[in-house]
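Q: Structure below; questions to follow.
The values are calculated or read from the model by the stated rules, or taken from the named source; none is laboratory data. Because the structure is predicted, anything quoted here is derived from the model rather than measured. Counting neighbours? That spans all protein chains shown, and the Cβs are built from the backbone with ideal geometry, glycine included. Each accessible area value is taken on the protein alone, full model and side chains, heavy atoms only, with ligands, DNA and RNA left out. Shrake-Rupley method; radii C 1.70, N 1.55, O 1.52, S 1.80 Å.
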Amino acid sequence: MLRQMEGSQAIAATVASCRPEVICAYPISPQTHIVEGLSALVRSGELEHCEFVNVESEFAAMSVAIGASAAGTRAYTATASQGLLYMSEALYNAAGLGLPIVMTVANRAIGAPINIWNDHSDSMSQRDSGWIQLYAESNQEAIDLHIQAFRLAEQLSLPAMVCVDGFILTHAHERVELPAQTQVDSFLPAFSPRQVLDPREPVTIGAMVGPEAFTEVRYLAHYKQMQALDAIPALASEFESSFGRASGGLLRRYRTADAELVVVALGSVLGTLEDVVDELREEGLRVGCLGIKTFRPWPGQEVAGALSGAHRVVVLEKALSIGLGGIVAQNVRSGLAGSGIPVHTVIAGLGGRPITKRSLRRLLAEARAGRLNETTFLDLRTDLVERELQRTLASARSGPHAENMLRDLGAVAAGPV
Amino acid sequence: MFEVRIHGRGGQGVVTAAELLSVAAFLEGRHAQAFPSFGSERTGAPVVSFCRIDERPIRTHEPIVAPDALIVVDPTLLHQVDVFGGLEPDGWVLMNSSRSLEELQLTPLRERSSHPERLVSVPASQIAREALGRPLPNAALLGAFAALTSAVSLSSVLAAIRGRFSEETAEGNVVAAERAFAAVRGPAAALEASRA
């Protein structure tokens, strides 16, 4: 059914149509509306045969999901930012044990400084946890990816994270096609666990493994995740034939065929980028963009193939590996090694800074002119940075950066006391 | 693409207003995107929400920087926030005030506009107080907005209101929207529009 609704409510309704049996969550902005929506659906009885477990923390949320999944039920949770970090230890366990939990991450920055706005620092920090990571470009794709994620996770017996830009998507009201229950039911069969805790047939899920087999268990985890590179396109194609629209997959190529300059990005900024690409194409410039829909497993061959004709690549990313630079760019570079194609990192949209078409156009003009450094921070306020650096040189006790810069901006009224 | 920015304060329903506007456009078979300015919500703090309306799917997710229309729910913001920032020279401005634009010292704004008739003030809070018993000006402003811009029809606004609120609340808001529409276009046009 075609509806105009908030992203979070659309995700909640879709997750409900996937018939989860256990939902355990702890609220955190900007994830809150999703789990509020689901708890209302459980309470009203609209979502049947499902237990909503109120937990005291994100660590507990993931731990309950692990228990529920090991007991053979379809388990779901959602979180963001500090919440994701707080469940990190359990996250590795869910993946290591091979439990097909599905989780929404409403992407948000990580503190300090505390910041509730969107970027990808949270999910990127867990990229090596063993979870599959899918990134949604729009609310329609967020809906569709959840349905695909349950099927994928259960098929491979691996947990999957659906990353949805916090606020930008979760709090946006857009037109979405909500899939009918019958459609979801025919795409997503009942959960048939590969391993289950059953007193009649006792097994240990989580046996201690020493040096004699640890490498092999890890190898299998990698092997299984790499299988997703075949499973995801197959599922996306099956999804398209049963739901009548393309969603997900490994990559989305947008006007890249003859593009000299290709921008690689993930998440909601892709829509803005596609608009910019269209504008520049009208001006006769050969520009395209490549959307990464699956970040883990990394579709290295497909990315390298999609970029092989480019003269220059810009990776636009909403996270920063401090001390290195771009995380996505590092992955892209590994596939283009030896190709001679320059790959530039552009860090953008940190902590909710808007990524505007105007800034993107300016950035792409710099890139085309060959004036881009290896790593660039989009719209960096160099004046703010310079003033703070001067203060640190002028005084050994110059104080906290964050407050000093807020004072420069007039956002903190108080002076030294 | 028609882009609207709404300025108000936390608790005045600024986010709901953008949502309702997007639903009204959706009901006309068009594409719409409504979103709030994201922050730590506090009652009384300045709040901004946005709505885009287009005939084509809307892909961009940048904030609206050059709006075609502004709705100012709380005129006290004029002294606090750059509410007119980025407004297109031929843009529409709808002020919620029982005072005229001249009384609000907005004559220079009108002089700068290429279409001064697109700048109006409507006593939406007063209309809401009479229709609802509470000074919640959202619905009235959307009715006036439909009258001023024709970006959406009054009947779509009324349908969006009826779809969002319980019957009793909806009816008061419907009356407020109709009266505000009439305040801009006249009672005869309002009667015709609400039956459309």
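Q: Of the residues that make up the range A:107-119, is at least one touching a residue at least 60 places away in the same chain (Cβ under 8 Å), outside any loop (DSSP other than H, G, I, E, B) and closer than 24 Å to A:Ile205 by Cα?
A: So far as the range A:107-119 goes, no, none of its residues is touching a residue at least 60 places away in the same chain (Cβ under 8 Å), outside any loop (DSSP other than H, G, I, E, B) and closer than 24 Å to A:Ile205 by Cα.
Q: While we're on this one: For the range A:205-218, state whether one or more residues are part of a loop (DSSP other than H, G, I, E, B), away from chain B (no Cβ under 14 Å) and on the phi > 0 side of the Ramachandran plot.
A: So far as the range A:205-218 goes, yes, one or more of its residues are part of a loop (DSSP other than H, G, I, E, B), away from chain B (no Cβ under 14 Å) and on the phi > 0 side of the Ramachandran plot.
Q: Another question, if that's okay. Look at A:Ser359 and say whether it is within 24 Å of the chain's Cα centre (by Cα) and over 30 Å from A:Asp128 (Cα atoms).
A: Criteria met by A:Ser359.
Q: How many residues does the range A:268-281 contain that are surrounded by 18 or more Cβ atoms within 10 Å (Cβ to Cβ) and more than 10 Å from chain B (Cβ to nearest Cβ)?
A: 2
Q: While we're here: Please work out which one of (1) among the hydrophobic types (A, V, I, L, M, F, W, C); (2) farther than 22 Å from A:Asn139 by Cβ; (3) open to solvent by less than 40 Å² (accessible area, probe 1.4 Å) is the condition A:Ala265 fails and give its number.
A: Checking A:Ala265 against (1) among the hydrophobic types (A, V, I, L, M, F, W, C); (2) farther than 22 Å from A:Asn139 by Cβ; (3) open to solvent by less than 40 Å² (accessible area, probe 1.4 Å), the one that fails is (2).
Q: Continuing with the same structure: Among the residues in the range A:222-241, are any under 26 Å from the mean Cα position of the chain (by Cα), within 14 Å of chain B (Cβ to nearest Cβ) and polar (S, T, N, Q)?
A: Taking every residue of the range A:222-241 in turn, none turns out to be under 26 Å from the mean Cα position of the chain (by Cα), within 14 Å of chain B (Cβ to nearest Cβ) and polar (S, T, N, Q).
Q: When you scan the range A:303-356, how many residues do you find that are assigned to a loop (DSSP other than H, G, I, E, B), of a type in the set (Lys, Arg) and open to solvent by 40 Å² or more (accessible area, probe 1.4 Å)?
A: Total meeting the criteria: 1.
Q: I would also like to ask the following. Could you go through the range A:175-185 and let me know if any residue there is within 14 Å of chain B (Cβ to nearest Cβ), among the basic types (Lys, Arg) and out of contact with any Ser or Thr (no Cβ under 7 Å at 6 or more places or on another chain).
A: Scanning the range A:175-185, I find at least one residue that is within 14 Å of chain B (Cβ to nearest Cβ), among the basic types (Lys, Arg) and out of contact with any Ser or Thr (no Cβ under 7 Å at 6 or more places or on another chain), so the answer is yes.
Q: Identify, please: which residue in the range A:33-52 is part of a loop (DSSP other than H, G, I, E, B) and in contact with a helix residue (DSSP H, G or I) (Cβ under 8 Å, 6 or more places away or on another chain) and is, among those, nearest to the other protein chains (Cβ to nearest Cβ)?
A: Ranking the candidates gives A:Glu46 first.
Results for (1) in contact (Cβ under 8 Å) with a residue 40 or more places away in the chain; (2) farther than 30 Å from A:Cys18 by Cβ; (3) in contact with a helix residue (DSSP H, G or I) (Cβ under 8 Å, 6 or more places away or on another chain), shown as yes or no for each residue.
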position	(1), (2), (3)
A:Leu197	yes, no, yes
A:Arg200	no, no, no
A:Glu212	no, yes, no
A:Ala228	yes, no, yes
A:Ser241	no, no, no
A:Gly248	yes, no, yes
A:Gly271	yes, no, no
A:Val276	yes, yes, yes
A:Glu282	no, yes, no
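Q: Let me ask you something else. A:Tyr86 - would you say it is touching a Lys or Arg at 6+ places or on another chain (Cβ under 9 Å) and of a type in the set (Ser, Thr, Tyr)?
A: no
Q: Being open to solvent by less than 50 Å² (accessible area, probe 1.4 Å), assigned to a loop (DSSP other than H, G, I, E, B), more than 21 Å from A:Leu409 (Cα to Cα) and not small (Gly, Ala, Ser) is the filter here; which residues of the range A:357-386 pass it?
A: Answer for the range A:357-386, where residues must be open to solvent by less than 50 Å² (accessible area, probe 1.4 Å), assigned to a loop (DSSP other than H, G, I, E, B), more than 21 Å from A:Leu409 (Cα to Cα) and not small (Gly, Ala, Ser): just A:Leu372.
Q: Given (1) buried (at least 24 other Cβ atoms within 10 Å of the Cβ); (2) within 26 Å of A:Ile132 (Cβ to Cβ), where does A:Val287 come up short, assuming only one miss?
A: In the conditions (1) buried (at least 24 other Cβ atoms within 10 Å of the Cβ); (2) within 26 Å of A:Ile132 (Cβ to Cβ), A:Val287 misses (2) alone.
Q: Taking strands (runs of 3 or more DSSP E) that do not extend beyond the range B:57-132, which have at least 1 residues that are within 27 Å of A:Glu279 (Cα to Cα), open to solvent by 40 Å² or more (accessible area, probe 1.4 Å) and modelled with pLDDT of 95 or more?
A: Correct list: B:92-96.
Q: Of all residues in the range A:157-189, which are charged (D, E, K, R) and not in a helix (DSSP H, G or I)?
A: Within the range A:157-189, A:Asp165, A:Glu174, A:Arg175, A:Glu177 qualify.
Q: Further question on the same structure: Scan the range A:13-32 and tell me whether some residue there is away from chain B (no Cβ under 14 Å), farther than 25 Å from A:Gly244 by Cβ, β-branched (Val, Ile, Thr) and in contact with an Asp or Glu (Cβ under 6 Å, 6 or more places away or on another chain).
A: There is at least one residue in the range A:13-32 that is away from chain B (no Cβ under 14 Å), farther than 25 Å from A:Gly244 by Cβ, β-branched (Val, Ile, Thr) and in contact with an Asp or Glu (Cβ under 6 Å, 6 or more places away or on another chain).
Q: Related question: Going residue by residue through the range B:53-75, is there one that turns out to be more than 14 Å from every other protein chain (Cβ to nearest Cβ), free of Cβ contacts under 8 Å to residues at least 60 places away in the same chain and β-branched (Val, Ile, Thr)?
A: Scanning the range B:53-75, I find no residue that is more than 14 Å from every other protein chain (Cβ to nearest Cβ), free of Cβ contacts under 8 Å to residues at least 60 places away in the same chain and β-branched (Val, Ile, Thr), so the answer is no.
Q: Report the residue count in the range A:90-138 for those that are surrounded by 24 or more Cβ atoms within 10 Å (Cβ to Cβ) and of a type in the set (Val, Ile, Thr).
A: 5
Q: So, A:Tyr219, is that one open to solvent by 90 Å² or more (accessible area, probe 1.4 Å) and over 26 Å from A:Ser63 (Cβ atoms) or not?
A: So A:Tyr219 passes the test.
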